[in-house]
């Protein structure tokens, strides 16, 4: 088990499931800006670990099965993020639901 996991989930306010875990911090907090590559890594980590994004990951993989086989991990992630942003923006225009707001 995670050392900072307090064993529960916060009540959801309609946000993404990934952010509904109730956690305690370890030690004193420090604030720092992320480097560009760290921000990109955090972005793809969040996308790949968010239940609401899983159907989009599967759709992207199915649509691009042939064209992405030769891509590096970083290039695949970059193409997925670009495709995902376009896909969610398109869905947002078609459906003004709260989930679409959160995904944007």
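Things to note:
- Each label point was placed 7 Å from the Cα along the Cα-to-Cβ direction; for residue 26 and residue 78 their separation is 3.2 nm.
- Note on residue 43 and residue 86: the model spin-label points, each 7 Å out from Cα along the C-beta direction, lie 1.6 nm apart.
Here, each number is a calculation from the coordinates, and none is a lab measurement. All figures in this text were calculated on a predicted structure; none of them were measured in a lab. When we count neighbours, we look across all protein chains shown, and the Cβ atoms used for this are built from the backbone with ideal geometry, even at glycine.
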